[in-house]
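A short reminder: the numbers here are calculations on the coordinates, not readings from a lab. This one's a predicted model, so the numbers in the text were calculated from it and none came from an experiment. Cβ placement follows ideal geometry from the backbone for every residue including glycine, while neighbour counts extend to all protein chains displayed.
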Amino acid sequence: MIKEPYVAIERSIIKQFRKEIWRPFVKGLQAYEMIADGDRIAVCISGGKDSMLLAKCMQELKRHSKTNFELEFIVMDPGYNPANRRLIEENAALMNIPVQIFESDIFDAVVDVDQSPCYLCARMRRGYLYDRARSLGCNKIALGHHYDDVIETILMSMLYGGQVNTMMPKLHSTNFPGMELIRPLYFVKEGDILAWKDYNGLHFLQCACRFTEQIARDMEARGSAKDSADVVHTSKRQEIKELIKTLKETNPFVEANIMKSVENVNLDACIGYVSGGRRHHFLDEYDKR
């Protein structure tokens, strides 16, 4: 009997990649209490490998979990070209993900923005996703950011932002009261996601905005990328990826240590910090001790 392709894809998460994907996925959910009874979660799918894996993991969780929650799978089309839109639809059908696609004009809105178009695009995407999720009766949205994203964000904030920040596993929305964002792939490493993708012979979409599409074409013309969907094209983030790769050559635990650094912040050894929107300086309390 021939089984549907999605059955093998689902099985690979639980069986072949249990240690690399399923366990870290469950660990993140439990460690940060991301899902509770009564939740209605909008799983936000961009069409890339991370969000597609997230959708399958959430389906498997609902199938096996004792927690009572509901799922919606939403895809925002910010102005994809027809081929990219079709790839998302084909992958969703192949993987048995019942997506709901809605449209926006975000790509047109940011195409001529000179300063930080990627940041503006991300902010606008988030707003559209929150709004659609709320209209579906959801109280949470789930995004596909993974372990590498978290580590890279910590270093980027230090080296380029002059501050210590991280990508939080969950947070309350400031613009959409009652809504919450969760990141269930928080402990899943990008290398393992790529291995899962290749194991199943899957091909996914990358950001696909007009800026990154041109970069992808340039890279492919130079023969510098086997699969453009596997390359992060934001220059600063790519620099950080290369830096971490270099550091791991002499310290294989560098990623774990970076993560631990934001779990073990010693305020007694900080010159300054911000809490609740208020800036504090060590001299404020220095002579009171």
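Of the cross-linked pairs LYS241/LYS288; LYS170/LYS197; LYS27/LYS241; LYS66/LYS245; LYS62/LYS248, those separated by over 31 Å at the C-alpha level are LYS241/LYS288; LYS66/LYS245; LYS62/LYS248.
When the Cα atoms of region 1-160 are aligned to their principal axes, the ranges along those axes come out at 52, 39, 30 Å in descending order. Based on DSSP H segments of at least four residues, each scored -39500 (n - 2.57), the chain has a per-residue ellipticity at 222 nm of -14000 deg cm²/dmol. An ellipsoid equivalent to region 15-70, defined through the eigenvalues of its Cα gyration tensor, has semi-axes of 18, 15, 10 Å when rounded to whole angstrom and sorted largest first. Once the Kirkwood radius over Cα pairs is known for the chain, the Stokes-Einstein relation at 25 °C and 0.890 mPa s delivers a diffusion coefficient of 119 µm²/s.
For the peptides 66-76, 271-281, the ranking by packing is 66-76, 271-281, with the highest mean count of neighbouring Cβ atoms within 10 Å listed first. When peptides 243-253, 4-14, 137-147 are sorted by average Cβ neighbour count within 10 Å, with the highest value leading, the order is 137-147, 4-14, 243-253. Each Lys and Arg contributes +1 and each Asp and Glu -1, all at the Cβ; summed about the Cα centre of the chain, the dipole is approximately 700 debye.
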